[in-house]
Every structure is written in structure tokens, then in C-alpha cells.
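Below you'll find the structure, written out as C-alpha cells, and then a few comments.
The values are calculated or read from the model by the stated rules, or taken from the named source; none is laboratory data. None of the values given here were measured: they were computed from a predicted structure. No Cβ is skipped: glycine too gets one built from the backbone with ideal geometry, and neighbour counts run over all protein chains shown. SASA here: full protein model, heavy atoms, side chains in, ligands and nucleic acids out. Shrake-Rupley method; radii C 1.70, N 1.55, O 1.52, S 1.80 Å.
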Amino acid sequence: MQIYDTISRKTKKVTPMDGKTYRFYCCGPTVYGPAHIGNFRTFVLQDVFRRTMETGGVPTMHVRNLTDVDDKTIRESQRAAKSLKDFTDFWTVKFHQDCRKLNCLAPHVEPSAVEHIPHQVAMVQELVDKGHAYKSEDGSVYFNIASFPEYGKLSRLDERELELGRTQSQRASADEYEKQSVSDFVLWKSRRAEDGENFWQSPWGEGRPGWHLECSAMIREYLGTDFDMHSGGVDLVFPHHENEIAQSRCACGGEFAATWFHITHLMVDGGKMSKSLGNLYTLDDLEAKGWTASEVRYVLISGHYRKPLNFTFESLHAAREALMKLSRAAQRMADHSNPNAILSEVGFGIFQEAWDKLNDDLNTPAALGALFSAIRDTSELKGDAATSALAAFNRILKALGLTLPPCNQEIVIPEAIRVLAEERWAARSAKDWARSDELRNALAAQGWLMKDGKETYQLTPNESAHV
Ligand code: AMP
Ligand code: ZN
């Protein structure tokens, strides 16, 4: 398996550094509302990564945190007039339900920031003791970025930005800030009135940890100073991951993550998702419109993780057809299988290319393309050949985390296809043969065969059309 590593800007072979288990960390959700499908692009791709490693025979140790204390969780819990714990517990349960529906494997460890306050306080103390952090006049403790010469290496901050950050000794205390403000960042925030009940004791007085600290403290606890991979959406490269590196390497020594795996953002209708544009979808929103979680998952893996993926409703239609086509192929192989076959070979057979694409920088769209090319060759398979092809096919599906709809399920005809078919039927009835042929070809191009009866027509998905 190879993956593109953000810090070295190279595609690297990924193997466990301890020779046994691939140990990786993913920044988890901020549990202050439902996760949106953009968040799930990242979580689903991390899941495909893990499944591919495991399908390839490498055990994994997957750690993903819950951000249950930060500016947003505190603010929103107060708006909802709930305690921080009740509020974040509610959204954590919801997150887990969505993950299960999307067929994401639960991480092996899922630590919460609130449950690791002492670990975070200890880390701040070490940074202060080692001269990397200082208490400011506002009572908060900041990391001094000038004390870590490698600051900016991951996100390649240019020298000018860094110099500004160092010389102007700016500080940032909000949990999120912009790239323009390269500055000392907060490790411990002194108690403020707007934090309400949410404060803890520390050697620097009452307060709460800064957002970046939790991951460093929990990584140290569960993965140690050196581990295989760290991952998140691209928005986390700066400042979050840059700050994690600074904190961890200065407090604990070690190299921190060997590989950095970042997933590019999901866009909607060609632009950014946002609540104000009304295009920020959750899984519930899409289910309410009649789509299934496995169709959503299919869309999320249909683009390469290093390229922006544009979410559209057409892509959900295509996902529905694609899954149905896979389901029919699986049924065909099962129907022709030899129930008594003893399979000695555990390779990928005709699905080898799909497997290779998955291992080549997690190229999920190319893997799906190869899967569809290969199923065309399964229609003639019989007996042992059909049995072993089905076994290999199922291994690829497992690596992708795709579950198939029952293939006897009634075929759902997308609205746009139905409209085209109606138009063609009207043209045919009016003996407008040219228009009728044109529309028949348009339907065929989209993978639908239109068969004409006396009174009505029948639409069937075209098995040989490539998705
Ligand atoms: P959050 O709950 O905001 O902490 O984000 C959880 C994860 O989702 C992080 O890894 C983010 O980088 C990632 N993320 C946020 N927005 C998007 C998006 N539009 N597309 C892909 N990943 C995203
Ligand atoms: Zn993190």
C-alpha cells in the first residue's frame, strides 16, 4: 500500500514501524451538532484506508478522538441550555449512529478531550518547564513558536510569514484562526465568564485546554511518541496539525507521525458547503430525501481523496444504479457457484486490478472502474471459477466498505430518466421517429434500455453500460 504523505510531499509505502500493527490517529468530530457529509468524506476515506490495510493482512490500531470541549461545544451547549456533558453526549450518540449506517468501523480507542484534562495539564507543564511555553498577562499559557525551529514544515509556511509570527509575537487564543496569523497559540485558556461552568484547575489557575492540545495528549497516551500515521481533512494541516507537531515534539521528543494523510474537502454544487447557502447536508437530510447510507458512502468514495469531490444529486442517482449493478453481478456469480468448492487461492483473480488501484494511493475511483470492468467478465463463469470470483469480489467490497442492496429489489427509475422516457413515448406515439430515436439513444447513454410494448414501455438498466 502506498499513500501520499503531506510532510514529505511524496507517495510512500506504508508499513507498520513495529513490524506488526499499523497504528494511526484521526482527528475526530467536534460533537456540537450532526456531522455533515463533508466530515464523512474524511471519516469514510480513513475507514477505506483501514479496511484496505486489514484486507491486505496488516492489523491496525485506529485511534480517533472526540472533541467535546472547545469554543463551539461550549457556546452551543449554552444555547441549548444543557450541560456540556449532556450536550456532547447527545451528539456523540448521533455521530456513532451515522458512522454505523455508513459502515465505518468503530475506532479501537475513542478518547474524549474532557476525560483527558490531567494529561493535557501535564503536557503544558512540561512545555513550560522546557522553555517552550509561557504564561501571558491574560493568565493563559501560550506555546512560543520561535522556540521550535521546525514550526511550519508540514504546511510549508513561507519564511516571511514565519518571521512575522516570530518577531511580532502575536498570539491566538481562539480555537480556530486563519493562516495569515502565524502566531503563538494557546495551550491553556484562563477562565472566562462566557465559559460558564466549564473550567478545570491547573497550576496556572482555573481554565480549560486549548483545542490543539487534546490530540497531542491523547496520542502520547495511546500511541506514544512515534507512530505510523496521522490523518484529517486538509483544513487541519494548518494550524491544527502544525501545532500538534510543535507541542508533541517539544514535550515528548520522538518524531511524532511518520506519515500524514490528508483528505481534500467535499464541495456541494461546485462550491463550499455552508448552512447559509442551504447546501450543508447531513445523513439524515439525505435519508429524508429517500437516499440510503450506502449510496451516500458510494458517492463519497467515487472521487480520489486528493482531489476536491463535488457532491450532486446526480451522483447519488449514479451511485444507486452502480450498487444495483454490483448486486446483480454478485447474484449471478452466486447462482453459478459451486456450493461444494474448496477455495485454495486467496488472491484477487479477475479483480486484481481493482485491488492494485486501491493500494496505489487509495485510488478508489480507479478501483471502482476496474471493478466494473471485471464484472463484465463474470457472466460466463461457472462452478469453482464463479465461486472464487465471488470470494474475491466480496473482499474488494469489504475493503471499500460497500454493502449491496438486495438485487431482487424493485428497480428505482430516477426521475430524470422517467421524464426522458415519457418524452420518448410521446414522440413515438406521434410518429416523430427521429426524435424518438434521439431520446432512445440519450437513455441508452445513461445506461437505460427502453423496450416498447403495445400499450406502454419498459425501462431496464443496461447491464453492459459502464458506470
Ligand atoms: P470537525 O467536526 O469540524 O472537527 O471535523 C471533523 C473532520 O471533518 C476533520 O477531519 C475535518 O478536517 C473534516 N472536514 C470538515 N469539513 C470537510 C469537508 N467539507 N470535506 C471533507 N472533510 C471535512
Ligand atoms: Zn487533532
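Evaluated on region 300-342, the Kirkwood hydrodynamic radius is 12.8 Å, with distances taken between all distinct Cα atoms. For GLU110, GLU115, GLU438, the ranking by accessible surface with the largest value first comes to GLU115, GLU438, GLU110, using a 1.4 Å probe.
Using only Cα coordinates, the Kirkwood hydrodynamic radius of the chain works out to 24.8 Å.
Find which of PRO203, GLY139, ALA341 sits farthest along the positive direction of the dipole of the chain, computed with +1 on the beta-carbon of Lys and Arg, -1 on that of Asp and Glu, about the Cα centre. Toward the positive end, the furthest listed residue is ALA341.
Put simply, the amide H of MET273, placed in the peptide plane, has neighbours under 5 Å in VAL268, leaving out anything fewer than 5 places away on its chain. The C-alpha atoms of the chain define a longest principal axis, and helix 415-429 lies at about 20 degrees to it.
Roughly what % antiparallel, to the nearest 5, for the DSSP beta bridges in the chain? Don't skip to the answer; put the middle values down first.
On the way: 21 of 46 bridges.
Around 45 percent antiparallel, to the nearest 5.
With the whole protein complex present, CYS250 retains an accessible surface near 20 Å², based on a 1.4 Å probe. Each residue of region 268-277 was assigned a 3J(HN,Hα) from its phi angle through the Karplus curve 6.51 cos²θ - 1.76 cosθ + 1.60 (θ = phi - 60°); the sequence is 10, 6, x, x, 6, 7, 7, 4, 5, 7 Hz, with glycine and proline shown as x. Remark on SER140: its backbone amide H falls under 5 Å from those of SER190, a criterion applied only to residues 5 or more positions apart or on other chains, H modelled at 1.01 Å from N. Eigen-decomposition of the gyration tensor built on the alpha-carbon atoms of region 415-461 gives equivalent ellipsoid semi-axes of 15, 12, 9 angstrom, largest listed first.
Projecting the Cα atoms of SER315, ALA258, ALA35 onto the charge dipole of the chain (Cβ charges, centred on the Cα centre) puts SER315 farthest toward the positive pole. Where only DSSP H runs of four or more residues are counted, the chain gives -13500 deg cm²/dmol as its mean residue ellipticity at 222 nm, each run worth -39500 (n - 2.57). Taking amide H as placed 1.01 Å from N in the peptide plane, GLY233 has its amide H under 5 Å from the amide H of ILE263, each at least 5 places away in sequence or on another chain. Karplus-derived 3J(HN,Hα) values for region 383-392, using 6.51 cos²θ - 1.76 cosθ + 1.60 with θ = phi - 60°, are x, 4, 5, 5, 5, 6, 5, 5, 4, 5 Hz; glycine and proline are entered as x.
With respect to the chain, whose longest principal axis is taken over its alpha-carbon atoms, helix 433-445 is tilted by about 40°.
Carbon and sulfur atoms: what percent of the 1.4 Å accessible area of region 318-467 do they account for? Of the solvent-accessible surface of region 318-467, carbon and sulfur hold 52 percent.
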